[in-house]
Amino acid sequence: MGGMPWKRVELAALVLYALGFYLVVIRKSLRLSHDYSGRLYGLRAGSLAGHLNDLSDAQWRNFRGNLPILTGVMAAFLILVNTLRYCYGLKGRGTALAWLILSLSYLCYLHGACVVFILLIALINYSMVKIFAHYKYCTSLIWSFNLSVLILNRVYEGYSFSLFGQNLSVLDNYRGTFRWHICFNFVVLRMISFGCDYCWTIHSSQFDHKKHIQKCQVCYSGKTCYFALQEKGLSVDRYTFLTYLCYLTYAPLYIAGPIVGYNAFAAQLEVPQKNYSFAQISLYGLRWILSFLLMEGMTHFFHYNAFVVSRLWQQLSPFEIFIISYGVLNFMWLKFFLIWRYFRFWSLVGGVETPENMPKCINNCHDLESFWKSWHASFNRWLVRYLYIPLGGSRRKLLSIWVIFTFVAVWHDLEWKLVSWAWLTCLFFIPEILVKSLSNKFQASSSLGMLVHREFKAIAGAVTISCLMVANLVGYVVGPSGIKVLISKMAGKEALPALAFIFTTFYVGVKLMFHIREASSSQQG
């Protein structure tokens, strides 16, 4: 109890600093957006108080622009499938067939004649899995095939029909409205998931369901959590071509995820998810609408991404570069938050639960491990199951992270800036792994020892956040070609006050995260 008043004083001081920081950032951001508005690319006529809207990010611009059509498609699909499911008692194969017909019509609109490429590659993968599933090297073969497909799709830009004969060149005029090989990155993950789940089911399933129920509150209550659905193997006859195709093309998750494993998906075709009630799903949708309005306000008043697209960040002071960089990362987080939650909402209403991709705010992560568990979390789960554990898990962590992050970079795109981002992240990950290992062995017993340990963790967290920002700046903002400019801006004496302020801010942020976690733990206790 003696430490409580001191912690309250510390918390009050940290909150005051944070409020001051955000007031400075908001004021400076408004000034920068106003002063440079005439020189920024990607600004469009806005609808809020005469402000221009930052639509410089192509992904967000396309998603936002297609929302009306996408929502109409979602409503039509859900009404039709749910009506068939409840009126005719569709389960398993019946539900898979209904979703497959609708999803293929959706894909024909998106990709036109290129749907042939998707079906052909899917058929080859399915045949290979079924033929070689009983062999020990099957998973290696699955990975080799899918990595080759991933790279070839990019090299040949989705292929041209004329490559396979001039008689087919006419089909190049019917390639749809969306490049198929971009969406196919997610299909590759699903093909690997199907193949590995099937092989592991045939050989052995080591999931201890009884032990899991003792630790899982959801399963203990009589429901079945997503993790249990994924880890518990299905009967061999559930790995059919119909369900496989439905899984690959499932409309709600086809474009952007979240990523769901085959086992979990097929199980929910038979028995729709019951972990989310109608009221909970409705609240989920309402929260999405409020988050969308927040994004609209952000892009109207703060033109962070336009500074990057216009490359005007190079003309700013070190502190202004930090503000733009911090703003871009928050914009990216909110963009993906909205895209992924939209499709997850669609999937939930359709009866399929998926992992939440953004369970934690970007401003509430002080180490790389927790950041990657919270950013694209469904992909993180996929990587753990199909790559991290097969590579040796925690026993070979220092080695496996290089393989995993290189795959993540190549999976996103064949660009050097993404490979640079991946390798920088691995370099920054190594000290964190070693420090965590040492920290777990150190048990502070005295009050002074606990205080020193807490301060050390806060400083280490501030260093980690700084490294994380640098890695993401290289990968998604400045690129490898902009590293020299960034270093020259940040290495001068005039940048020292800004760097000190930035590091202090990260330190304060980490301390606030400690208080949030402690408050959350006390409530759960």
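The values are calculated or read from the model by the stated rules, or taken from the named source; none is laboratory data. Just so we're clear, the structure is a prediction, and the values are computed from it rather than from any experiment. All Cβ positions, even for glycine, are placed from backbone atoms using ideal geometry, and neighbour counts span all protein chains on display. We work out accessible area using only protein heavy atoms, side chains counted, and drop any ligands, DNA or RNA first. Shrake-Rupley method; radii C 1.70, N 1.55, O 1.52, S 1.80 Å.
Filtering segment 139-177 to residues that are surrounded by 14 or more Cβ atoms within 10 Å (Cβ to Cβ) and farther than 16 Å from V188 by Cα leaves Y159, F161, L168, L171, D172, R175, G176. In the set (1) of a type in the set (S, T, Y); (2) open to solvent by less than 60 Å² (accessible area, probe 1.4 Å); (3) more than 18 Å from I259 (Cβ to Cβ), the condition left unmet by S105 is number (2).
So in segment 53-84, with the set limited to residues that are of a type in the set (V, I, T) and surrounded by 13 or more Cβ atoms within 10 Å (Cβ to Cβ), which one is farthest from the chain's Cα centre (by Cα)? Top of the filtered list is V81. Which one is farthest from T240 (Cα to Cα), of the residues in segment 85-103 that are within 31 Å of the chain's Cα centre (by Cα) and hydrophobic (A, V, I, L, M, F, W, C)? Step by step, filter segment 85-103, then rank; the result is L102. Criterion applied to V9, V25 was being part of a helix (DSSP H, G or I), aliphatic (A, V, I, L, M) and within 15 Å of F301 (Cβ to Cβ), and the one residue passing it is V25.
For the subset of segment 201-223 comprising residues that are outside any helix (DSSP H, G or I) and in contact (Cβ under 8 Å) with a residue 24 or more places away in the chain, which member is nearest to V115 (Cα to Cα)? In this case the residue turns out to be S205. Listed by first and then second residue, the pairs with beta-carbon distance under 7 Å, at least 6 apart or on different chains, first residue in segment 123-135 and touching a residue at least 24 places away in the same chain (Cβ under 8 Å) and of a type in the set (S, T, Y), second buried (at least 17 other Cβ atoms within 10 Å of the Cβ) and part of a helix (DSSP H, G or I), are Y126/Y244. Contact map, segment 327-354: residues that are over 30 Å from K28 (Cβ atoms) and touching a residue at least 60 places away in the same chain (Cβ under 8 Å) paired with residues that are buried (at least 21 other Cβ atoms within 10 Å of the Cβ) and among the small types (G, A, S), Cβ distance under 6 Å, separation 6+ or inter-chain. Pairs shown: T354/S347.
In segment 415-429, the residues that are over 12 Å from W402 (Cα atoms) form Cβ pairs under 7 Å with partners that are hydrophobic (A, V, I, L, M, F, W, C) and buried (at least 18 other Cβ atoms within 10 Å of the Cβ), at six or more places apart or across chains, as follows: K417/V474; L418/A409. Quick check on segment 337-356. Is at least one of its residues of a type in the set (D, E, K, R), in a helix (DSSP H, G or I) and within 26 Å of A49 (Cβ to Cβ)? So far as segment 337-356 goes, no, none of its residues is of a type in the set (D, E, K, R), in a helix (DSSP H, G or I) and within 26 Å of A49 (Cβ to Cβ).
Within segment 340-352, how many residues are open to solvent by 10 Å² or more (accessible area, probe 1.4 Å) and either among the β-branched types (V, I, T) or at pLDDT below 95 (or both)? Break it down into steps so the answer makes sense when it comes.
Start the filter on segment 340-352 by keeping residues that are open to solvent by 10 Å² or more (accessible area, probe 1.4 Å), which leaves 340-342, 345, 349.
If we keep only those that are either among the β-branched types (V, I, T) or at pLDDT below 95 (or both) too, we end up with 349.
So the count comes out to 1.
Residues that are of a type in the set (F, W, Y) and under 16 Å from the mean Cα position of the chain (by Cα) within segment 306-342 comprise F331, W333, F336, F337, W340, Y342, listed in sequence order.
For every residue, the table says whether it meets (1) out of contact with any strand residue (DSSP E or B) (no Cβ under 8 Å at 6 or more places or on another chain); (2) open to solvent by less than 60 Å² (accessible area, probe 1.4 Å); (3) without any contact (Cβ under 8 Å) to a residue 60 or more places away in the chain.
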| residue | (1), (2), (3) |
| --- | --- |
| A256 | yes, yes, no |
| V260 | yes, yes, no |
| S277 | yes, yes, yes |
| F302 | no, yes, no |
| S310 | yes, yes, no |
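Of all residues in segment 22-43, those that are at positive phi have Cβ atoms under 8 Å from Cβ atoms of residues that are modelled with pLDDT of 90 or more and among the polar types (S, T, N, Q), 6 or more apart or on another chain, in G42/S56; G42/N305.
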